[in-house]
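Note sheet for the following structure.
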Amino acid sequence: MSEHDAPAGPPAWPGGRRIVVVGNGMAGSRFVTEMRARDPGVSITVFGQEARRPYNRVLLSNVLAGTAQPHQIGLVDPSWYAEHAIDARLGVAVTKIDRAAEVVVAEDGTTAPYDTLVLATGSAPLVPPIPGTEDGLPRGTVAFRTLDDCADIIEAAHSARHAVVIGGGLLGIEAARGLAGRGLCVTVLHLAGHLMERQLDAEAGKVLARTLTGLGIRVRLAARVAALRTRGGPDGERVVGVELAHDERPAELVPADLVVMACGVRPAVGLARAAGLAVERGIVVDEALRSVSDPAIRAIGECAQYGDVVYGLVAPAWEQAAVLADLLSGHRPAARYTGSRQITRLKAASLELATMGETHHGSHDEDVEVVQFADAARGTYKKVVIRDDRLIGAILLGETSTAGTLTQLYDRAAPLPADRLALLFAGAPAAPAAGSPVLMPDGAQVCTCNNVTKGQIRACWEDGATTVEEVTARTRATTGCGTCADAVAGIVGWLAEQSPP
Amino acid sequence: MSSGTPTHCPYCALQCGMVVGRDLATGGGQVRVAPRSDVPAGAGGLCQKGWTAADLLTTADRLTTPLMRVHAGAPLEPCTWDAALDRIAAEIERLRAAYGPDAVAVFGGGGLTNEKAYQLGKFARVGLRTANIDYNGRFCMSSAAAALNRAFGMDRGLPMPITDLETADAILLVGGNVAETMPPFMRHLAAQRAGGGQLIVIDPRTTPTARRADLHLRPTPGTDLALANGLLHIAVNEGLIDETYIAARTRGFDAVRTAVNSYWPGRVERITGVPVPQLRRAVWLLAGETGETRGRSGDHTALVLTARGAEQHADGTDTVTAYINLALALGLPGLPGSGYGCLTGQGNGQGGREHGQKADQLPGYRKIDDPVARAHVAAVWDVEPAAIPGPGRSAYELLVSLGTRDGPKALLLFGSNPVVSAPHAAAVEERLDALEFLVVADFVPSETALRADVVLPTTQWAEESGTITNLEGRVLRRERAVPPPPGVRGDLAVLAALAGRLNAPGTWSGEPAEVFDELRRASAGGLADYSGITYERIAAEGGVFWPCPGEGHPGTPRPFLERFATPDGRARFTPVEHRGAVEDVCADYPLYLTTGRVLAHYQSGAQTRRVDQLNKAAPEPYVELHPDVAERLGIAAGALVRVTSRRGSALVRARPTDAIRPDTVFVPFHWAGTGRANLLTNPALDPLSRMPEFKVCAVRLEAV
């Protein structure tokens, strides 16, 4: 198109007229809605591997626990796509990116040409190489990742008695809590020496384990899974237990008729790699979330790698989606993604946990300040790590009343209050100023609505006003909001005791 | 006081009852006020503003004669009424001839009586034939109004008598500091709590109101919407919503349910700074969930109330909508003792938004672009429907268009002081000064009046009669208690005199009763139908709730019991998304500024700054800041501080207090000159209501 053919006025579509999105999970669906909100005109096609509408993966633990229903976690209404002129190809996997032709090819043979391709392919659950899983997972075993997985676990939980969760990270603990809430006998097997070792220090991990134990969940640390024990049945191999390896003694069997794998995820980068894009742990992108290999391709969410980091949480994926929508719509051409601060918030009944940043520093470490509080018996552990008067890490376990404050201080790298205790404990709410009339100074305001001090009431009394009514008539105290009536009565009564009229 | 005239306070929308008369007991004959116990809203109380209201009648610089500048730059000098009115008429004719009728604009106020608001709207459309009329209520009630209209089809702030508060099991008050802005309101809350009810307050500051709450949520300024969506998310996930009510009385919940799925507690905590346990507790209290039985019991009553803290944002309409969504999902609106309401601010903030001083509106809360509405009102006004102009600019847009090439060249201003009260006040001053002709009608020389070419001295509150509609939607009478000083005229008479000079069609009266009768006819059949309300009925019944479509009609204390005012009778859910402050904090402007009111003053302070007692109580502007911030910046208590935003600086005294978040400062907006909070505020507008973002912008502080 020559310059003379250019359509008059906006939209200019910095990302081209046709945007194709591969992946309709948390990142992809967010990008699509953000993009459409900024630009009602640009052509958007989205491929989603799951046939259902996108849903909020953060809430899967609630579904597993039974506190949310599967139909209640949708992120986009099914009718939304048509109403907003979006070509949604749900339940259709993309099999190939033809970069030369700028077109993607789907498993059903359809194609979609793009000016900008957005890869939001997410990640797949990591299944460790355990004997017993070579031919796929045996019945009764689920790798927890999708809503379908969640439904499978719930289905299995109806008849199962003993559940084993492999992986004591965030998702594993949430799953364990959900299953325990469903009445199952639950054991968490965790390879590391303490739970959630990436987010928690050892002491926090211990307190968390103790809390889980209190909730009826067994926790096995440094647990090396040797194999899944299965038994043949009419419908194939079915899991009956998990074998734990020991150094000095024979393998131990932890019986289980339900095994949930929560061993982490790996970025789904096969499509990108096959297309020749630079892929390390994830698809390598720059500050504009652009593949370093192909300016027409962007990547966001758990499949993308910015710097050295592949983010596994929702918040960074949504930040990336917003930045990308700002860029491709021309809404904020200067928008850049420069990394995210990661905050983890565990969601499970009777388990309160918030953690962020660098939590592993000890109080003897140079150049950091560590403030800690532990009450393991009550399941409380709190720790903040400070450097240069800025919060660089925190754990709040058991009691999280300062989580709102800490997350914002951390997000904004804001200067901290001089009173470090305020970071660990929310201040007690100020009590209404009823105060004893004896202790109150004369200048203390008793009636704020009418600006009456104790001294004025005393002066009134000395001038012969000896009842509340008379004091009220002269000072107007109590005539506004009325909440000082008790205080005024108290002062008048006290004055009467002091000097009977 | 042995006798007096029953009337109402000149200030806020609570419109506390007072008796005004001469104090015969002391023999001095001084005019005094005393509270009335027969007015439910005020519950027999008065705050210091009300008690000292009579001082306004004798204020030293009361305007008692018209003032005029003979030419630009000349001083304001006394002149006769005829000279002033002739000059105004001549300037209007000149400017209309040169630029067309829209060259003359009108700006009204939420303190004007219903009669004045009505006549002002009629004068603009019929007398001036201009589309350019709006009023300062745009800065107060417009977001709540837009959200109420969208959800319920009708904007009556409280769709229930205020005494319903006293029996509510739970009240959620969002962004309202009633303990200072309308102190006797606290009597209703005190009664509620005495009966075992729970009060939840959402406010970035630990205000006197928040201190009395059972639960206080202290969000980051600009995040009220996310907070509401988060509360609804919890209600949905914990099974606390009322599916039966939603099915029977609403539309559109599915889209809202999907929208709030993105507001899980951890995310909302991060956005708002309100910890998850507090979010959950708020929902449980509001829903009447005790933890023992799932779902709320049948007789649980709850109210969700919003005020300016939630509304004065560039996403104010959506924020109010988010709280309405919450109330609807919990099954509250339209049930006796429960519901959603907004707390109107200005004295006649409710009535003032119903009868045509709003840019897009005709009397009876009719839409100006509705052909049926135009035909009805045109018949009452005795003009052709086509003669009524279309919608005009919203308040801030009107003010900043003044004196521009396409904007109005003259402004007639009644009952407002935008030099102090408008956002980005320096820009507004500049536009006012760019006008060819400015007329201000007021009873004191306000900061805006002092910039005028002609100043008209008018009557005030106790010197005039009329009606006001309080925050409940109850129409009340304001009675003349004392004669006005010689030389002043009522606004109605001023408008009638100008209409006569401009040969405006129809009849124009200076008598409130006659104007009210015309208002009744003009409002008949509209949403805010006053046709059945008479002065006699108001006196006999202690006020009448609109809509009241006939003299035999009892009025409507609770308009939504049977159906909502939408075409199908169902309330509307609308999904809304968090956008946050238009101006976020950054390295250069690291603190949020929020603005508001103090107990001793009212609005721009033009009245209260003239009362000695109130000045003593609150003599000068200040900035509330957290002690940590004060220490970091080396600012001592009482020191002069320069507060700077992208729009300008204000000089105010430091008042360190831990009642404010460390990331936020607060400056009250009642003062003029260099201490004006509105030199700082962000005029970013809500796309629907055109409400400016008074309640949050980014600033920095420096010791001076």
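I'd like to verify a number: residues in region B:339-398 that are assigned to a strand (DSSP E or B) and within 18 Å of the chain's Cα centre (by Cα), how many? Walk me through it before giving the result.
If we filter region B:339-398 for residues that are assigned to a strand (DSSP E or B), which is where we start, we get B:339-342, B:361-362, B:366-367.
Applying the additional criterion that residues be within 18 Å of the chain's Cα centre (by Cα) yields B:340-342, B:361.
Within region B:339-398, residues that are assigned to a strand (DSSP E or B) and within 18 Å of the chain's Cα centre (by Cα) number 4.
The rows are residues; the columns are (1) β-branched (V, I, T); (2) free of Cβ contacts under 8 Å to residues at least 24 places away in the same chain.
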{"position": "B:R489", "(1), (2)": "no, no"}
{"position": "B:G500", "(1), (2)": "no, yes"}
{"position": "B:T507", "(1), (2)": "yes, no"}
{"position": "B:A513", "(1), (2)": "no, no"}
{"position": "B:E541", "(1), (2)": "no, yes"}
{"position": "B:F545", "(1), (2)": "no, no"}
{"position": "B:F564", "(1), (2)": "no, no"}
Q. How many of the residues in region A:312-333 are modelled with pLDDT of 95 or more and outside any helix (DSSP H, G or I)?
A. 0
Q: May I ask you to say which residue of B:A259, B:A247 is farther than 23 Å from B:G341 by Cβ, in a helix (DSSP H, G or I), away from chain A (no Cβ under 14 Å) and modelled with pLDDT of 95 or more?
A: B:A247
Q | A:S61 vs. criteria closer than 15 Å to A:D148 by Cα, within 14 Å of chain B (Cβ to nearest Cβ) and assigned to a helix (DSSP H, G or I) | A | yes
Q. Has region B:455-466 got any residue that is closer than 24 Å to B:L399 by Cα, buried (at least 23 other Cβ atoms within 10 Å of the Cβ), out of contact with any Gly (no Cβ under 9 Å at 6 or more places or on another chain) and not aromatic (F, W, Y)?
A. yes
(Q) All but one of (1) under 22 Å from B:N417 (Cα atoms); (2) within 14 Å of another protein chain (Cβ to nearest Cβ); (3) surrounded by fewer than 16 Cβ atoms within 10 Å (Cβ to Cβ) hold for B:S37; state the number of the condition that does not hold. (A) (1)
Q. Of the numbered conditions (1) closer than 18 Å to B:G222 by Cα; (2) assigned to a strand (DSSP E or B), B:P662 satisfies every one except a single condition; which is it?
A. (2)
Q: Of the conditions (1) acidic (D, E); (2) in contact with a helix residue (DSSP H, G or I) (Cβ under 7 Å, 6 or more places away or on another chain); (3) under 23 Å from B:G157 (Cα atoms), B:D491 clears all except one; give me its number.
A: (3)
(Q) Only one of B:V652, B:V576 is of a type outside the set (D, E, K, R), in contact with an Asp or Glu (Cβ under 6 Å, 6 or more places away or on another chain) and either at pLDDT 95 or above or part of a strand (DSSP E or B) (or both). Can you tell me which? (A) B:V576
(Q) Exactly one condition in (1) within 16 Å of B:L232 (Cβ to Cβ); (2) outside any helix (DSSP H, G or I); (3) modelled with pLDDT of 95 or more is false for B:G295; which is it? (A) (3)
Q. Looking at this structure, is B:T52 buried (at least 16 other Cβ atoms within 10 Å of the Cβ), within 30 Å of B:E166 (Cα to Cα), among the polar types (S, T, N, Q) and assigned by TED's automatic domain parsing to the domain that holds B:E436?
A. no
**Q.** Residues located in region A:387-421, provided they are within 14 Å of chain B (Cβ to nearest Cβ), part of a strand (DSSP E or B) and of a type in the set (A, V, I, L, M)
**A.** A:L391, A:A394, A:L396, A:L397
Q | Checking A:G427 against (1) in contact with a strand residue (DSSP E or B) (Cβ under 7 Å, 6 or more places away or on another chain); (2) surrounded by fewer than 16 Cβ atoms within 10 Å (Cβ to Cβ); (3) assigned to a loop (DSSP other than H, G, I, E, B), the condition it does not meet | A | (1)
Q: Can you give me the ranges of the strands (runs of 3 or more DSSP E) entirely in region A:116-191 with at least 2 residues that are modelled with pLDDT under 95, in contact with a strand residue (DSSP E or B) (Cβ under 8 Å, 6 or more places away or on another chain) and surrounded by fewer than 19 Cβ atoms within 10 Å (Cβ to Cβ)?
A: A:123-125
Q: Looking at (1) crowded, with 20+ Cβ neighbours inside 10 Å; (2) over 17 Å from B:V268 (Cβ atoms); (3) at pLDDT below 95, find the lone condition where A:A394 falls short.
A: (3)
Q: Kindly indicate the residue of region B:535-560 that is assigned to a loop (DSSP other than H, G, I, E, B), over 25 Å from the mean Cα position of the chain (by Cα) and not charged (D, E, K, R) and also surrounded by the fewest Cβ atoms within 10 Å (Cβ to Cβ) among those meeting that condition.
A: B:G552
Q. From the residues in region B:579-615 that are within 13 Å of another protein chain (Cβ to nearest Cβ) and among the charged types (D, E, K, R), which one is surrounded by the fewest Cβ atoms within 10 Å (Cβ to Cβ)?
A. B:D612
Q) Does B:V419 satisfy being part of a helix (DSSP H, G or I), in contact (Cβ under 8 Å) with a residue 12 or more places away in the chain and either under 25 Å from B:H313 (Cα atoms) or over 24 Å from the mean Cα position of the chain (by Cα) (or both)? A) yes
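Within region A:334-349, track down each residue that is assigned to a loop (DSSP other than H, G, I, E, B) and touching a Ser or Thr at 6+ places or on another chain (Cβ under 8 Å).
Across region A:334-349, the qualifying residue is only A:A349.
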Q. From the list B:L680, B:L640, B:L688, B:L633, which residue is within 14 Å of chain A (Cβ to nearest Cβ) and hydrophobic (A, V, I, L, M, F, W, C)?
A. B:L633
Q. Out of curiosity, is B:E238 within 14 Å of another protein chain (Cβ to nearest Cβ), in contact with an Asp or Glu (Cβ under 9 Å, 6 or more places away or on another chain), over 24 Å from B:T207 (Cα atoms) and of a type in the set (D, E, K, R)?
A. yes
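The values are calculated or read from the model by the stated rules, or taken from the named source; none is laboratory data. Just so we're clear, the structure is a prediction, and the values are computed from it rather than from any experiment. For neighbour counting, all protein chains shown are included, and Cβ atoms are generated from backbone atoms with ideal geometry for every residue, glycine included.
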